[in-house]
Amino acid sequence: MRFTLACVTAAALCWWTPASCASREPFPLGYSMAGSGTILQQQGISGREAFTPACAYADSFRYGISLAGVDYFDPMDNMESSHLAQVAVGGMYSLRGFTAKAYVSHFDALRVYFEQEGQLSVGASCIPFVNPSVELCGYRAGLYQGSDPAQTRADVGVSAMVPFRYAAVSLTCCHIPVKNAAIAGYDTPLTLRAGVHTTVNALGSQGILCEAASDGSWRFRVSIGEEFWLLRKLGLSAAFTTNPVIVSFGVILAWRGAAVSAGFVDHPVLGWSKGLAIDWAGK
Amino acid sequence: MCCAQAKKQKETVAAVALILACFLAIPAVGQSDSALSVTELFPRAQSDCPEWFEVTNASGAPLDLKNWKYGHADDTCLISSSDYVLPAGGIAVLTKDRTLFSAKYPAVSLVLQPARWKAMDNYHDTLFFWDSSGALRENVGWDYRWFDSWTNQSLARVSLAKSALVKEAWVVASRPSPGQPNAEATWRATGAELDIGPIPFTPNNDGRDDYLSIRISLPAAASAVVSVYGFDGRKYLDLPQPPSSQYLWNGSLSSGGPAPVGPFFVVAEITGNGTRQVLRKKGVLWR
């Protein structure tokens, strides 16, 4: 029954998505950075962090906050500021099987260009077999100087988590355009993702995430990840992603509802990205 | 007495003239010793273009190529049996077939076809140049193993300071320039450099900052692959080969669509002399 329902949900999402494009970010933000989003557990740090869809959460914590920062790729020496950096802050609130998550982020490129993003995700874990959620996103981007006006756009996404005993299936269709920008190249790319994420087992936690995207031609990405807890409070995670090939790894320190995770991602040409995330949840 | 004075004056004038002639002649001879340089070669003839090489008079005085010879020690060809004066700084092209060459490059005026042509080897060869007195004035060499991407382009000389027998003196020309100064010589440097601008660049056809200028300078005998990457880590496009000193990017992807706004990366992978170097620059695209 559950399998049938999962298949129906997947088929519905695929039908809903006539085309898809990739998100422009090379890897996820926050705790999920080190595992490239492959480690996703409804009762875990990934489930309660504010940057994942609300359907990914089904735990006893009532609320939580998340902070994350990423410094993208190696510094390159042509500008006064050579950094591409993003910071994000978000929160989670859950009540009687319903969860709401929200976050805002600010991205800065060379002190020349900025992008701001806000997302609200509302989901339910009280529905049998399938936990759905809806994401509403708004974006704003522009140059710090000059007369060109900042551009805005908006999109929605739908996600579902189908939990089984040893693993869960995730399905995401995001960046369905609601409001397009007035300029070319700042569009709302559609993305379709499907993943299988194990629960904690003797070998840790594993996950595989597939993404189909189209920027005129189809592009596929596959990520495989592993998370292993050396000690009760110390974990390691790593992931491998194709197209482009990136390797990521990270360290997690967790204590009760709090977690600090550091992630590192290596692109063979553009170099290393460094990220730090702090999550805290309370009851 | 008058005759004696006149004779003495004539002797004095003759002596002064001789001294002046010596002073003037010494630098002229010295300049002509290293005056002629081969600055571009095209040994790989095509159906529409014969073999040719370019010579430059790098001296400050005219140079007469009459009775100059080139070739090997046991096989020489007369460049010109009559007066053929190359002006100071002048560039002439010697070719196997003047008619075919001029059809390909009609703008080149100083073209000379020797009575007999010494064929140039497509892969490796050495040519010697002797002046009218038989003194060796120039020798050049090339070897296909010096270059990674030599197909049917010409070889351009990038340094007159280096011997023309070593690979550091030559590069594969991005486009042939017979009869013209070599473009490569102006941008080849001792160290590799990459510069891009403007930042941000705005390819929105408003006539302002619509193109990104990508400027690269390379050491001689080095080659480069220049690519543009997006913020998502994907390669947007590879810029044309062989490398040029400057590219203009209009903000389009290799598929023809517009590149996303936001940060991007220009990456030059430089190889040569058994080494590999990667230069990277960040930019911002906005429309």
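The values are calculated or read from the model by the stated rules, or taken from the named source; none is laboratory data. All figures in this text were calculated on a predicted structure; none of them were measured in a lab. Using ideal geometry, Cβ is built from the backbone for each residue, glycine included, and neighbour counts are taken over all protein chains shown.
Filtered by the rule that a residue be closer than 20 Å to A:V104 by Cα, of a type outside the set (D, E) and in contact with a Cys (Cβ under 6 Å, 6 or more places away or on another chain), the range A:120-172 gives A:G123, A:S133, A:G157, A:V158, A:S159. When the range B:147-171 is filtered for residues that are aromatic (F, W, Y) and either modelled with pLDDT of 85 or more or within 13 Å of the chain's Cα centre (by Cα) (or both), the ones remaining, listed by number, are B:W150, B:W170. Looking at the range A:145-214, the strands (runs of 3 or more DSSP E) lying wholly inside it that each contain 3 or more residues that are in contact with a Lys or Arg (Cβ under 8 Å, 6 or more places away or on another chain) sit at A:151-163, A:167-179, A:205-214. Taking the criterion of being in a loop (DSSP other than H, G, I, E, B) and at pLDDT 90 or above, the residues of the range B:34-56 that qualify are B:P43, B:R44, B:A45, B:S47, B:D48, B:P50, B:E51. Scanning the range B:199-224 for residues that are at pLDDT below 90 and touching an Asp or Glu at 6+ places or on another chain (Cβ under 6 Å) yields a count of 5.
No other residue among A:D74, A:D59 is within 30 Å of A:W229 (Cα to Cα), within 14 Å of another protein chain (Cβ to nearest Cβ) and in a loop (DSSP other than H, G, I, E, B) apart from A:D74. Scanning the range A:265-282 for residues that are in contact (Cβ under 8 Å) with a residue 40 or more places away in the chain and within 14 Å of chain B (Cβ to nearest Cβ) gives A:V265, A:H267, A:L270, A:G271, A:W272, A:S273.
Criterion applied to A:S82, A:S147 was being within 14 Å of chain B (Cβ to nearest Cβ), under 22 Å from B:V284 (Cβ atoms) and in contact with a Pro (Cβ under 6 Å, 6 or more places away or on another chain), and the one residue passing it is A:S82. Out of the range B:98-116, which residues are part of a loop (DSSP other than H, G, I, E, B) and over 14 Å from B:E54 (Cα atoms)? Selection gives B:P106, B:A107, B:A115, B:R116. Could you say whether any residue in the range B:179-192 is touching a Pro at 6+ places or on another chain (Cβ under 8 Å) and either facing another protein chain (nearest Cβ under 7 Å) or modelled with pLDDT of 85 or more (or both)? There is no residue in the range B:179-192 that is touching a Pro at 6+ places or on another chain (Cβ under 8 Å) and either facing another protein chain (nearest Cβ under 7 Å) or modelled with pLDDT of 85 or more (or both).
Being within 30 Å of B:S252 (Cβ to Cβ) and either away from chain B (no Cβ under 12 Å) or surrounded by fewer than 18 Cβ atoms within 10 Å (Cβ to Cβ) (or both) is not true of A:V251.
If you filter the range B:198-217 down to residues that are within 14 Å of chain A (Cβ to nearest Cβ), touching a Ser or Thr at 6+ places or on another chain (Cβ under 8 Å) and part of a strand (DSSP E or B), you find that the one that is surrounded by the most Cβ atoms within 10 Å (Cβ to Cβ) is B:I216. Residues that are crowded, with 18+ Cβ neighbours inside 10 Å number at least 2 in the following strands (runs of 3 or more DSSP E) confined to the range B:218-266: B:223-230, B:246-249. Give B:L155, B:L160 a once-over and let me know the one that is under 28 Å from B:T275 (Cα atoms), among the hydrophobic types (A, V, I, L, M, F, W, C) and either in the same structural domain as B:G272 (by TED's automatic domain parsing) or in contact with a Ser or Thr (Cβ under 6 Å, 6 or more places away or on another chain) (or both). After applying the criteria, what remains is B:L160. Of note, A:R221 does not satisfy the criterion of being under 17 Å from the mean Cα position of the chain (by Cα) and more than 14 Å from chain B (Cβ to nearest Cβ). The residues of the range A:214-247 that are closer than 22 Å to A:L270 by Cα and of a type in the set (A, V, I, L, M, F, W, C), listed by number, are A:F220, A:V222, A:I224, A:A238, A:A239, A:F240, A:V245, A:I246, A:V247. Inspection of the range A:225-241 identifies no residue that is at the interface with chain B (Cβ under 10 Å from one of its Cβ atoms) and closer than 30 Å to A:D148 by Cβ.
Rundown of residues vs (1) aliphatic (A, V, I, L, M); (2) surrounded by 24 or more Cβ atoms within 10 Å (Cβ to Cβ); (3) within 14 Å of chain B (Cβ to nearest Cβ); (4) in contact (Cβ under 8 Å) with a residue 40 or more places away in the chain, yes/no style:
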{"residue": "A:G30", "(1), (2), (3), (4)": "no, yes, no, yes"}
{"residue": "A:A50", "(1), (2), (3), (4)": "yes, yes, no, yes"}
{"residue": "A:Y93", "(1), (2), (3), (4)": "no, no, no, no"}
{"residue": "A:T99", "(1), (2), (3), (4)": "no, yes, no, yes"}
